[in-house]
1. Can you name the residue in segment 102-124 that is touching a Leu at 6+ places or on another chain (Cβ under 7 Å) and not in a strand (DSSP E or B) and, of all such residues, is surrounded by the most Cβ atoms within 10 Å (Cβ to Cβ)?
2. Return the only residue of VAL6, VAL94 being among the aliphatic types (A, V, I, L, M), farther than 30 Å from GLY299 by Cβ and in a loop (DSSP other than H, G, I, E, B).
3. Would you point out which residue out of ALA21, ALA105, ALA44 is more than 17 Å from VAL499 (Cα to Cα) and in the same structural domain as PHE498 (by TED's automatic domain parsing)?
4. For segment 134-165, name all the residues that are in contact (Cβ under 8 Å) with a residue 12 or more places away in the chain, more than 16 Å from the ligand (Cβ to nearest atom) and over 16 Å from PHE243 (Cα atoms).
5. Being closer than 28 Å to ILE496 by Cα and either buried (at least 23 other Cβ atoms within 10 Å of the Cβ) or out of contact with any helix residue (DSSP H, G or I) (no Cβ under 9 Å at 6 or more places or on another chain) (or both) narrows it down to one of ILE286, ILE258, ILE280, so name that one.
6. Does segment 24-60 hold any residues that are in a helix (DSSP H, G or I) and farther than 20 Å from ASP374 by Cβ, and which are they?
7. Go through (1) assigned to a helix (DSSP H, G or I); (2) within 16 Å of ILE151 (Cβ to Cβ) one by one and return the number of the condition GLU227 breaks.
8. Would you point out which residue out of ALA63, ALA21 is surrounded by 20 or more Cβ atoms within 10 Å (Cβ to Cβ), assigned to a helix (DSSP H, G or I) and not basic (Lys, Arg)?
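The values are calculated or read from the model by the stated rules, or taken from the named source; none is laboratory data. Fair warning: this is a prediction, and the values are worked out from it, not measured in the lab. Virtual Cβ from ideal backbone geometry, glycine too; neighbours counted across all protein chains shown.
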Amino acid sequence: MTSGPVDPTTTGAWGRLTALAEAYTPDLRSSVTAEWVEQQTLSAADLHVDLSKNLFDAEVEAALLALADEVGLFGHRDAMFAGEHINVTEDRAVLHTALRLPVDASLHVDGQDVVADVHEVLDRVYAFAERVRSGEWTGVTGRRIETVVNIGIGGSDLGPVMAYEALEPYRQDGLACRFISNIDPTDAGQKLAGLDPETTLFIVSSKTFGTLETLTNARLCKAWLLEHLPSDSDPAAAVAQHFVAVSTALDKVADFGIDPDNAFGFWDWVGGRYSMDSAIGLSLVIAIGPDHFADLLAGFHAMDEHFRTAPAQDNVPIRMGLLNVWYTNFLDAHTHAVLPYAQLLHRFPAYLQQLTMESNGKSVRWDGTAVGYDTGEVFWGEPGTNGQHAFYQLIHQGTRLVPADFIAFATPAYALKDATPEGQSTDVHELFLANFFAQTQALAFGRTADEVRAEGVAEELVAARTFPGNRPTTSIMAPALTPGVLGQLIALYEHITFVEGAVWGIDSFDQWGVELGKQLAQQVGPAVSGDPDVLDEQDPSTQSLIGYYRKQRR
Ligand code: F6P
């Protein structure tokens, strides 16, 4: 990185977009023609992406693409793939894309053969997973493993748990995973309940191996294991057979008492929130098996290749990332909904929250200069149709602009038929998808007052029952929720996040804000436990809240 980031507001394209936004009066009813839909329907690997119901026209599209060019997006993208230190504040390469390079690819970064390193660990992960899946790896009393408990938080939890849920049909029978993340003791209490220690394997997953939550939960689990195993079990052998670790800090793993032979490494060039396809995915590999995990990686890689090589106009992450910039900086949107019409993706929005908001929640550019524009939308969502009966009202008729991504699959995980009392048989997935199609239609095209009147609605209710329309959506479809398609979807959002961060000139790969909370929790801890001197050092509100806690605690 030689020169500083471009302030995007100084570009010609930014000025043009400002003028276009002022003059823009959307009318999706007239602008969504067959020709427009054809132009704005893109493919990326197995994903079929319809951008046509977004609020933009050809001039806006051209100006957004010019903005990408003027801020140097394409060079920045190439620098990431090449392993340059684009994580400037931590002076690190950003190479999650290397985690899914095929074994015959070639990439040397900072003197290291990255592809060889990645595949060396992957082979160990696969071999270990096979031993657990086949029953060759046993607990200390010789029984095969039936439950894998991943202990981790943030990027060491959200990806594995999301994918474990999403790929439920691919799991091996008789082998379940549980995930402990929160330092709220309820989490460990609930997840350990009913477990048989003799058949449980714990994976301590932590990039730094210094995260308070994870180390506390790991100690709780170790104590629980030793307490509940048969009393003649040798403690060292018990830990060796029931605990493995995934980390970049293998020395700290050894200090914890885990055999380094049972530890799987990764590298500082993998951000926590970009790590689920590293050894951090070990619990998932055990659950779905190496072949399906390899399919997942191939899906990631297919999207990487699309992002790296497709022309900007046809490049789905670039187009979606630029539309998000348009909504955030020119149309005053503050949030972005992700609405999967797939129950198996029920943890996908939570996963995306860390990916997008930890990455782009920044108010200085990567050289430390303050941004003079909004960054980082609030990402949120729930699966349809549940969300329809909860918050869609605000998207349909509220005063706020909420761009939304709708995600659906042609073939369901479970094909069920509903037999009506009249003797008709209905494919329930089609009922489900009818909602998916109808919602984006209603959001885009609304219902005019005249249409409401024509239905015979009383005049005094017409306003309340009118839908303004022009609510933007992107529809993302794929043949089915396979491991490969899941990898494509995740990589799509990784690269959308990258595109937005690149336009804003921020470092999307650090997270200094989170570090402050960690430090303060350490500093307040003694006051919570009753240290009067530390309590005195706190602000009046914190003192009062801790006082309430200490009086109420039973
Ligand atoms: O929440 C902050 C964070 O640093 C995340 O970026 C990271 O994914 C998480 O903590 C867990 O960190 P680690 O894997 O080092 O335990």
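1. Looking only at segment 102-124, we keep the residues that are touching a Leu at 6+ places or on another chain (Cβ under 7 Å), and these are 107, 109, 114-115, 118.
Cutting the leftovers down to not in a strand (DSSP E or B) gives us 107, 114-115, 118.
Numbers: LEU107: 18, VAL114: 21, VAL115: 18, VAL118: 25.
Out of the qualifying residues, it is VAL118.
2. Working: VAL94 fails: farther than 30 Å from GLY299 by Cβ.
Being among the aliphatic types (A, V, I, L, M), farther than 30 Å from GLY299 by Cβ and in a loop (DSSP other than H, G, I, E, B) holds for just one of VAL6, VAL94, which is VAL6.
3. Values: ALA105 fails: in the same structural domain as PHE498 (by TED's automatic domain parsing); ALA44 fails: more than 17 Å from VAL499 (Cα to Cα).
Criteria check complete, one pass: ALA21.
4. Listed by number, the residues that qualify are TYR164, GLU165.
5. Values: ILE286 fails: closer than 28 Å to ILE496 by Cα; ILE258 fails: closer than 28 Å to ILE496 by Cα.
Sole residue among the options that is closer than 28 Å to ILE496 by Cα and either buried (at least 23 other Cβ atoms within 10 Å of the Cβ) or out of contact with any helix residue (DSSP H, G or I) (no Cβ under 9 Å at 6 or more places or on another chain) (or both): ILE280.
6. Residues of segment 24-60 that are in a helix (DSSP H, G or I), as a first pass: 28-31, 34-39, 58-60.
Correct list: LEU28, ARG29, SER30, SER31, ALA34, GLU35, TRP36, VAL37, GLU38, GLN39, ALA58, GLU59.
7. (2)
8. Only one candidate passes the filter, namely ALA63.
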